[in-house]
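K.L.:
Once you've had a glance at the structure underneath, I'll fire off some questions.
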Amino acid sequence: MARRFRLLALTVLALYACALAVLFMNQRSLLYPASDRRTTASEAGLVGFQDLVLTTPDGERLVAWWKPPQPGKALILYWSYEAEREDYQEDGAGATLKGLGSVFVHFFTRTRWDRMFHQIR
């Protein structure tokens, strides 16, 4: 009886470990499912926004929503920082701390000062 219980417990533990391994290996696709569908600003319930497609110098197309600032209201300023592609592909708390440390150390050398206080087109 105790042997069967141990076997059952080990089987359940092994299945649980396999399920955790599958979730760990697929966490990016589970958290950020890929979709070809593009939601417009009006479908998202945003009033007064325009749908834009921005093309970067390397040909990448970025979808954006834009609304002109209202007089007397706050305006969000965009800060452009040059980071390596690998910096965005790492996951976990260690990668986050490494990224924040990089911003702290390289703030003046990697900030794209030529883009500051310019309208993004």
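K.L.:
Compute the angle between helix 2-25 and the longest alpha-carbon principal axis of the chain, please, reported from 0 to 90 degrees and rounded to the nearest 10.
P.N.:
Helix 2-25 sits at roughly 20 degrees to that axis.
K.L.:
Which residue, S42, S29, S102, tops the fluctuation ranking in a GNM of the chain built on C-alpha contacts under 10 Å?
P.N.:
S29
K.L.:
Still on this structure: Any idea what Rg and Dmax come out to for region 1-50 if you just take the C-alpha atoms, in Å?
P.N.:
22.1, 70
K.L.:
Along each of the three principal axes of the Cα atoms of the chain, give the extent in whole Å, ordering the values from largest to smallest.
P.N.:
77, 41, 33
K.L.:
Using a Gaussian network model on the chain with a 10 Å cutoff between Cα atoms, which of F108, F24, F49 fluctuates the most?
P.N.:
Per the Cα network of the chain with a 10 Å cutoff, F24 tops the list.
K.L.:
If you don't mind, another one. So if R0 is 30 Å, what FRET efficiency would H106 and D58 give, r being the distance between their Cβ atoms, rounded to the nearest 0.05?
P.N.:
The formula returns an efficiency of 0.85 here.
K.L.:
Which angle from 0 to 90°, rounded to the nearest 10, does the C-alpha axis of helix 93-105 make with the longest principal axis of the chain?
P.N.:
Tilt relative to the chain: about 30 degrees.
Read the figures in this text as sums done on the coordinates, not as results from a lab. Because the structure is predicted, anything quoted here is derived from the model rather than measured. Using ideal geometry, Cβ is built from the backbone for each residue, glycine included, and neighbour counts are taken over all protein chains shown.
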